[in-house]
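Student: If you scroll down you'll find the structure; I have some questions about it.
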Amino acid sequence: MNTPSSSAITENKVTLEQWRALLAVIDAGGYAKAAEQLNKSQSAVSYAIAQLESALGVKVFNLQGRKAVATPGGELLYRRAKLLLEQAERLEMSAGCLSVHVEPLVKIAVDIIVPPKKVLYCLSLFAKDFPDTRVEYFETVLSGTEDAVLKRQVDLAIGGNVPTGFVGEKLMTCKFHGVSSADHPLQHLGRPVTLEDMRQHRQIIVRDSGQYRRHTVGWQEAEQRWTVSHIKTSLEAIRLGMGYAWIPDAYTTEDVEAGTIKYLPVDIGAEREVAVYMTFADKEFAGPATKRLAEILKECLPKSCAGHQE
């Protein structure tokens, strides 16, 4: 299979628009849909592909009816072009950050082990310093936080894992306890609760929000499980006596003090901990608003989240 060298691509000056056309045709499976996605005429897309093939001396598609099927060379170029366009987009975003004094928008992903109420308090402080900056706040679970950083969907992320290739700064350690309603059978065994005891009852689990759901916590004892999307839903199920769960202390303190729910009297591992990190998507090009929000989160979250350790 003949593939073009980097020097050949440079000499023939294949444009970013031609690379975009290549990606669109492969993703869409044909010229017509690609043209629609790119908001261009079909002839313009066909011309861009023809120019690319001419410049590189490589045939990138075979037509099978109305469908454009990538050749082996086309598939290789597709993978490399995708990386090239991602890098170009990042460069444009970085240049944009440098050209303005303050970002008009800051996007943040926070794992829901940190209660939204605590995050919103930090955002209220941020709004006083940057009243004109818009905020997008994503509530994530496990690998969903990592995905938000890896896909460059956010400027800042807070969660229990740091994506590969990034450096995270530890903010705090969140404590978890197993909890159930006061009248749950596990509260009335007359002895410490064992792992085998927990396996006999329903556990409420919060679903990983990541695309590939790469993580599961090692706290899933029960064969019978109900899965929900938010800790608040899990906590409500606990109050209703539907099962037990491991929930951050920051969510359960008031209920435990009120007697609505109780800690499970387990024999081993009554308290479990998760380190929480803050990660910049690109700290070098972070603007003043993003950096200020990071400072506020770093200062306030460890103090406001009950059950944490510095």
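Student: Restricting the search to region 18-31, which residues are in a helix (DSSP H, G or I) and surrounded by 14 or more Cβ atoms within 10 Å (Cβ to Cβ)?
Tutor: Result: Gln18, Trp19, Arg20, Ala21, Leu22, Leu23, Ala24, Val25, Ile26, Ala28, Tyr31.
Student: Does Val106 satisfy being modelled with pLDDT under 90, more than 25 Å from Thr15 (Cβ to Cβ) and under 28 Å from the mean Cα position of the chain (by Cα)? Show your work before the answer.
Tutor: Values: modelled with pLDDT under 90: no; more than 25 Å from Thr15 (Cβ to Cβ): yes; under 28 Å from the mean Cα position of the chain (by Cα): yes.
No; evaluated as a whole, the condition is false for this residue.
Every residue, every condition in (1) within 30 Å of Leu293 (Cβ to Cβ); (2) buried (at least 19 other Cβ atoms within 10 Å of the Cβ); (3) modelled with pLDDT of 95 or more, yes or no:
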{"site": "Thr164", "(1), (2), (3)": "yes, no, no"}
{"site": "Val167", "(1), (2), (3)": "yes, no, no"}
{"site": "Lys175", "(1), (2), (3)": "yes, no, no"}
{"site": "Ser180", "(1), (2), (3)": "no, yes, yes"}
{"site": "Leu189", "(1), (2), (3)": "no, no, no"}
{"site": "Thr194", "(1), (2), (3)": "no, no, no"}
{"site": "Val217", "(1), (2), (3)": "yes, no, no"}
{"site": "Thr227", "(1), (2), (3)": "no, no, no"}
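Student: Determine which member of the set Leu301, Leu264 is farther than 30 Å from Arg134 by Cβ and either in contact with a helix residue (DSSP H, G or I) (Cβ under 6 Å, 6 or more places away or on another chain) or surrounded by 20 or more Cβ atoms within 10 Å (Cβ to Cβ) (or both). It would help to see each step written out before you state the result.
Tutor: On the way: Leu301 fails: farther than 30 Å from Arg134 by Cβ.
On inspection, the qualifying residue turns out to be Leu264.
Student: How many residues are surrounded by fewer than 21 Cβ atoms within 10 Å (Cβ to Cβ) and hydrophobic (A, V, I, L, M, F, W, C) when one looks only at region 132-162?
Tutor: Total meeting the criteria: 4.
Student: Which condition breaks for Ala109 when tested against (1) free of Cβ contacts under 8 Å to residues at least 40 places away in the same chain; (2) under 21 Å from Glu284 (Cβ atoms); (3) surrounded by 15 or more Cβ atoms within 10 Å (Cβ to Cβ)?
Tutor: (1)
Student: While we're on this one: Got a number for residues in region 38-73 being in a helix (DSSP H, G or I) and not hydrophobic (A, V, I, L, M, F, W, C)?
Tutor: Residues of region 38-73 that are in a helix (DSSP H, G or I), as a first pass: 38, 42-56, 72-73.
Filter once more, so that each one left must be not hydrophobic (A, V, I, L, M, F, W, C): 42-43, 46-47, 51, 53-54, 72-73.
Total satisfying the criteria: 9.
Student: Is region 272-287 home to any residue that is loosely packed, with under 15 Cβ neighbours inside 10 Å, more than 30 Å from Ala148 (Cα to Cα) and either at pLDDT 90 or above or not hydrophobic (A, V, I, L, M, F, W, C) (or both)?
Tutor: Looking through region 272-287, none of the residues is loosely packed, with under 15 Cβ neighbours inside 10 Å, more than 30 Å from Ala148 (Cα to Cα) and either at pLDDT 90 or above or not hydrophobic (A, V, I, L, M, F, W, C) (or both).
Student: Give me the pairs: first residue in region 231-253 and in a helix (DSSP H, G or I), second residue among the acidic types (Asp, Glu) and crowded, with 16+ Cβ neighbours inside 10 Å, beta-carbon distance under 8 Å, and six or more apart or on different chains, which are they?
Tutor: Taking only residues 6 or more apart or on different chains, the pairs are Leu235/Asp255; Arg239/Asp255.
The values are calculated or read from the model by the stated rules, or taken from the named source; none is laboratory data. This structure is a prediction, so every number in the text was calculated from the model and none was measured. Heads up, the Cβs are rebuilt from the backbone with ideal geometry, glycines too, and the neighbour counts pull from every protein chain shown.
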